Structures are given as C-alpha cells and as structure tokens.
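Peer 1: Handing you a structure now.
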Amino acid sequence: MSEIKDTCCAEREPKMKIHTFNKNSMGQNIYLCHCEETNEGILIDAGCNTADENAIMALIHENSIIIKAILLTHGHYDHITAAARLKSLTNAEIYSHVSEKQLLENPELNLSCLIRREISVTPDKLLNDGDVFHFGNISLKVLHTPGHTPGGVCYYYKKTAVPLSEGSESGIQSCCSGGVYTDEVGDAKHRAPRPVSVAYERAWGRAPLDSSLFSGDTLFKGSIGRTDFPLSDHDKMMRNISAKLLTLPDETVVYPGHGDSTSIGREKKSNPFLR
Ligand SMILES: [Zn+2]
Ligand SMILES: [Zn+2]
C-alpha cells in the first residue's frame, strides 16, 4: 500500500489538499489536489505503478473526489506511464503544454523506448503560458518553463483573499465547471489591459496567504532537471528558473516531479545549481 502524505495548503482557511503518491520505480511524484469545499480535484502527472494507482483510486472513492483533469508537467515516460489508465478510470481529460505534444506522442522523445515500451499520449487539451486552470474554488496558473523539455510547465497555486468565483462575470469560468482560460494580462507590461484584468487582479494581484508550485522536473530540492535529453536546452531552463520560479515568493512551497518538497526561499539559498 502506498504511503499517502497529506498536506494542507492553508492553515487558517484550509482549501486545497495535496496528496503525494510516489511508490514507483523512478520515485516520481503524482499529486492529487482537491478543493475541500467542492471535492473537485486534479491529478498532476500520471507516472505510477499499480500500487499507486490503487491508492489514488481508493482516495478518490473514499472522499468522493471528482477528478476534473490530469495536468502533465511534461511528457517524459516516468510521468505518463499510467496516463491512459488514469484517464479511463477517472474520465478526466489530459492536459499538457502545446509545445509538449510532439514529445508526448513519440516514444523516442519521451524516452519510453529506454524501458522497451512504446508509450504515446495524445493530450485532450493544450495549455499555453499564463493559462489558469480552475477546479472547485482553486485556480492553478500555467508557467511555461521549457528547457528540460520544450513544453515543460510548472503549475502555480496562490491562495488569495477573494474567491475566484467572484470573477466569473469577467471571463473566468464558473468555479464548479473546471476549465481553462487564457490569461490576457500575464504580459500586461507588453499588452494593453483587457477587461478581464479586473478579475485577474482580484484573483492574483493581492498578497498571497500561501502559495505552492508544482515544478515537474525543472526544479528539485537541491537540484535541477537534466538537460542532456533530446530537445533539452540548458540555457533556456536556467533562464526560465530565474525569471519565472525564483521570482515567486520565498515561502512558496515547491512540489517537484521527484523527491521531497522544498521552498523557493530554501532553493535560492542552498541549491548549488542556482549559484
Ligand atoms: Zn523529465
Ligand atoms: Zn521525471
């Protein structure tokens, strides 16, 4: 039976619960996140063995969680081995960054040929940098951080004082529908503000009560992702870590694709690859 670690994201106002599953051969983490208020949830990555799969489904059934999506951080085989199976068990669609489709569908690029399997995953929905995915009363922002792979992303959660459902009249989807909208103001410095910016500022512009980052294989506790794979780009990954991850609040808890969780502040201070 897989060990399940429960982490509550907000001590004062519990909202999103994070469960970690990692009893598989490569030590990769699958995160099941769910909104305690609505029981809607998501899976982040889908590389697991039968024991993890059984533990995930048991947790889903015991807590009556409705899985709205399987969000992939990237397409390497260790993160997608059970994607098709979990999709059929949960009826959830698979999401990846638009630039990861080629790698996901190609066993040589996603490295599944190294384990003598031909895994190919076609995502149902494609994400872009700055998109915001909603499930229950929770929102995750897509941060495109290519380098380890071309379409690698991190998912950023920032709890705010204003319920996101209040922004629905400005273009954010219903808090109960699950879905994604393109962030029109993520590059506000470069583009004219749009009406949705009001909702965006209400959702993201305030000081966070707490925040979390699902960093895939881009940033680990004390390490960074490998860039010796086909389509990897070391310089690009380092630029993205600096520009998009190390600029997050120091207290942001980092949930990586492998290994233990950490924080942005801790990695800034002690990660030898970031000096
Ligand atoms: Zn990887
Ligand atoms: Zn990995």
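Peer 1: Order these by the 10 Å Cβ neighbour count, fewest first: LEU140, LEU89, LEU274.
Peer 2: The fewest-first ordering by Cβ neighbours comes to LEU89, LEU274, LEU140.
Peer 1: What is the distance, in nm, between label points placed 7 Å from the Cα along the Cα-to-Cβ direction at ASN63 and at GLN102?
Peer 2: So the label points at ASN63 and GLN102 sit 3.8 nm apart.
Peer 1: Using the number of other C-beta atoms within 10 angstrom as an exposure proxy, rank THR262, THR247 with the fewest first.
Peer 2: Going from sparsest to densest Cβ surroundings: THR247, THR262.
Peer 1: Can you list the GluC sites (Glu not before Pro) in the stretch 45-144 that are in a DSSP coil and have 14 or fewer other beta carbons within 10 angstrom?
Peer 2: Listed in order of number, the matching sites are GLU108, GLU118.
Peer 1: Pairs LYS87/LYS159; LYS87/LYS221; LYS125/LYS221; LYS141/LYS221: which are spaced more than 24 Å apart, C-alpha to C-alpha?
Peer 2: Pairs exceeding the cut-off: LYS87/LYS159; LYS87/LYS221; LYS125/LYS221.
Peer 1: Something else about it: Give a residue-ordered list of calculated ³J(HN,Hα) values for the stretch 114-130 (Karplus: 6.51 cos²θ - 1.76 cosθ + 1.60, θ = phi - 60°; whole Hz; x for Gly, Pro).
Peer 2: In residue order, the calculated couplings are 5, 9, 6, 10, 10, 8, 9, 10, 9, x, 7, 9, 10, 9, 10, 4, x Hz.
Peer 1: In addition: Using label points projected 7 Å from each Cα along Cα→Cβ, tell me how many nm separate ALA51 and ASN39, to one decimal.
Peer 2: The two pseudo-label positions are separated by 2.9 nm.
Peer 1: Take HIS61, HIS234, HIS148 and order them by how many other Cβ atoms sit within 10 Å, fewest up front.
Peer 2: Neighbour counts put them in this order, fewest first: HIS61, HIS234, HIS148.
Every read-out reported here was derived from the displayed coordinates using simple, explicitly stated rules and does not represent laboratory data. Because the structure is predicted, anything quoted here is derived from the model rather than measured. Cβ coordinates were reconstructed from backbone atoms using ideal geometry, including for glycine residues, and neighbour counts include every protein chain displayed.
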